[in-house]
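One structure below.
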Amino acid sequence: MLIISTCTILNINFDLPILLIAYLLPLIVYSYDYYKDIEKDIKSDSNRAIYLNKKADKYPLIFGFYILLLVFLLLLFSNYSLILFIIAIVTGGFLYNFKLKELTKKIPAFKNIFTTFTWAAGGAFFPVFYFSLTLDTSFILIFALIFLRCLINVVYFDLKDIKNDKKEKLKTLPVVIGKDATIKFLYFLNFISFIPLILGVYLKIFPLFALFLLLFSIYGLYYIKKAEMSVSHDLEKLAHTLADSEFIIWPLVLIISKMLI
């Protein structure tokens, strides 16, 4: 959905292969991550973990299918630059689980920054490599916009895992500064996150209809306020519904606003 939003704002025609490849990347990395952490998540009574545990025996086949499908699509529709970019993203995802996760025990907010950077880089720069475009200011501003909005999402998700992350000695932002301070930080991020968008429109790099994304500042205020009044069990539902839904709705809002202006 982030790639559709990037292409819509920058008036780049996208096709089905780019969407399938982009969909498979996080699916492969995060499905592996979820499967690897099933036992930990079950202890926290995670509905996601309970669901995944029911099909744990089928996971190797499912994971293998994802890999084969990705390779097939890359062979048919990709280029060397995109393949290298994808290898870097996937390798980074796997390295985090094997090695880099230990850095979260030493470097405050490392997990939050690393995860957010991966999402933002994929959403903003994927079209650059797929279509062999020039990496210019427009993509940098898109990256900044996605990074700030995704950072809200990533930190929001870690609010529900404070107890487990403390046990594992992971220095996520909510663990380091606590829930109340994290909520205040999320309000601040929500306030400044659309500065790259406004700057892009002001410089006439982005079209005027892109300003409709500012509606999500109100949306962000709503689900951050809900988190402020919720306990950890409710936070999981909020994260998987309200927070994640933002990026699903982005393309719809952009496409409709483009038709109106």
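The numbers here are math on the coordinates, done by the rules we state, and not lab data. All values reported here derive from a predicted model rather than from experimental measurement. Please note: Cβ atoms are built from the backbone with ideal geometry, for glycine as well, and neighbour counts cover all protein chains shown.
Taking only Cα atoms and a 10 Å spring cutoff, compute GNM fluctuations for the chain and point out the largest among PHE157, PHE212, PHE247.
PHE212
So which DSSP H runs in the chain come out at 15 Å plus along the axis (Cα) with average Kyte-Doolittle of at least -0.5?
The answer, listed by residue number, is 16-36, 59-77, 80-98, 110-130, 137-159, 173-192, 215-228, 244-260.
Quick one: which of LYS105/LYS204; LYS166/LYS226; LYS167/LYS225; LYS163/LYS226 span more than 31 angstrom between C-alpha atoms?
Beyond 31 Å between Cα atoms: LYS105/LYS204.
Specify the residue with the greatest mean-square fluctuation among PHE65, PHE94, PHE209, computed from a Gaussian network of the chain linking alpha-carbon atoms under 10 Å apart.
Maximum fluctuation in the GNM of the chain, among the listed residues, is at PHE65.
For LYS171, what charge total do you get from the other residues with a beta carbon under 14 Å from its beta carbon, if Lys and Arg give +1 and Asp and Glu give -1?
Local net charge: +2.
In debye, nearest 20, what is the charge dipole magnitude of the chain about its Cα centre with +1 on Lys and Arg Cβ and -1 on Asp and Glu Cβ, if you could check?
540
Taking neighbour Cβ counts within 10 Å as the exposure measure, how do LYS106, LYS184 sort from fewest upward?
If I rank by nearby Cβ atoms, fewest first, I get LYS106, LYS184.
If I take the Cα coordinates of the range 131-261 and project them onto the principal axes, what are the three extents in Å, biggest first?
47, 29, 26
Quick check on the chain: helices-only [θ] at 222 nm, where DSSP H runs of length 4 and up contribute -39,500 (n - 2.57) each and the sum goes over total residues. Nearest 500, please.
Rounded to the nearest 500, the figure is -24500 deg cm²/dmol.
If you take the beta carbon distance between ALA181 and LEU75 as r and set R0 to 35 Å, what does 1/(1 + (r/R0)^6) give as a FRET efficiency, to the nearest 0.05?
Between ALA181 and LEU75 the formula returns 0.10.
For each of LEU151, LEU260, count neighbouring Cβ atoms within 10 Å of the residue's Cβ, then give the residues from fewest to most.
If I rank by nearby Cβ atoms, fewest first, I get LEU260, LEU151.
Roughly how big is the range 123-261's charge dipole about its Cα centre, with Cβ charges of +1 (Lys, Arg) and -1 (Asp, Glu), in debye to the nearest 20?
For this selection, approximately 200 debye.
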